[in-house]
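A.B. asks: The structure's right below; bear with me while I get my questions together.
The values are calculated or read from the model by the stated rules, or taken from the named source; none is laboratory data. For clarity, every value in this text was computed on a predicted model and none was experimentally measured. Cβ: placed from backbone, ideal geometry, glycine included. Neighbour counts: every protein chain shown. Accessible surface is based on the protein model in full, side chains and every heavy atom, while ligands, DNA and RNA are left aside. Shrake-Rupley method; radii C 1.70, N 1.55, O 1.52, S 1.80 Å.
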Amino acid sequence: MPIIVNLDVVLAQRKMRLNTLAAIVGITAQNLSVLKTGRAKAIRFDTLEKICSILNCQPGDILAYTPDVVAGTQYHGHALDGIAISDVDDQIDS
């Protein structure tokens, strides 16, 4: 997954437990754990805003982007997923 979640790092820096943050944010500890472990497929902006406000951080402190490499090409998560850059160039040239 190209999005890395660093919530555990920020929690440790702030000396805050996951259950405490969950209670303050108003979500279940299980849902926050899903986010922390990188298994979440989405996060609501209002939830991200609350987390950042409580932890006094920026979204970039919690989330980081690192591109996946697929068959020598970068994966960008759009309609061209799985198509090599050379394939796209060949289609454009023809």
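A.B. asks: Looking at segment 62-84, is at least one residue modelled with pLDDT of 95 or more, open to solvent by 90 Å² or more (accessible area, probe 1.4 Å) and of a type outside the set (Phe, Trp, Tyr)?
C.D. replies: No, segment 62-84 contains no residue that is modelled with pLDDT of 95 or more, open to solvent by 90 Å² or more (accessible area, probe 1.4 Å) and of a type outside the set (Phe, Trp, Tyr).
A.B. asks: Here's another thing I want to ask about it. Quick one: residue 57 ticks every box in (1) open to solvent by less than 70 Å² (accessible area, probe 1.4 Å); (2) at pLDDT 95 or above; (3) at positive phi bar one, so which box is it?
C.D. replies: (3)
A.B. asks: Being part of a helix (DSSP H, G or I) and either in contact with a Pro (Cβ under 7 Å, 6 or more places away or on another chain) or modelled with pLDDT under 95 (or both) is the filter here; which residues of segment 40-54 pass it? It would help to see each step written out before you state the result.
C.D. replies: Within segment 40-54, the first condition is being part of a helix (DSSP H, G or I), and the residues that meet it are 45-54.
Listed by number, the residues that qualify are 48, 52.
A.B. asks: Just checking, how many residues over segment 1-39 are assigned to a loop (DSSP other than H, G, I, E, B), touching a strand residue (DSSP E or B) at 6+ places or on another chain (Cβ under 7 Å) and at pLDDT 95 or above? So that I can check it myself, show each step before the final result.
C.D. replies: First, the residues of segment 1-39 that are assigned to a loop (DSSP other than H, G, I, E, B): 1-2, 6, 15-17, 26-28, 37-39.
Applying the additional criterion that residues be touching a strand residue (DSSP E or B) at 6+ places or on another chain (Cβ under 7 Å) yields 2, 6, 38.
With at pLDDT 95 or above added as a condition, the list becomes 6.
Total satisfying the criteria: 1.
A.B. asks: While we're here: Hey, among the residues in segment 7-31 that are in contact with a helix residue (DSSP H, G or I) (Cβ under 6 Å, 6 or more places away or on another chain) and in contact (Cβ under 8 Å) with a residue 24 or more places away in the chain, which one's nearest to residue 65 (Cα to Cα)?
C.D. replies: That would be 7.
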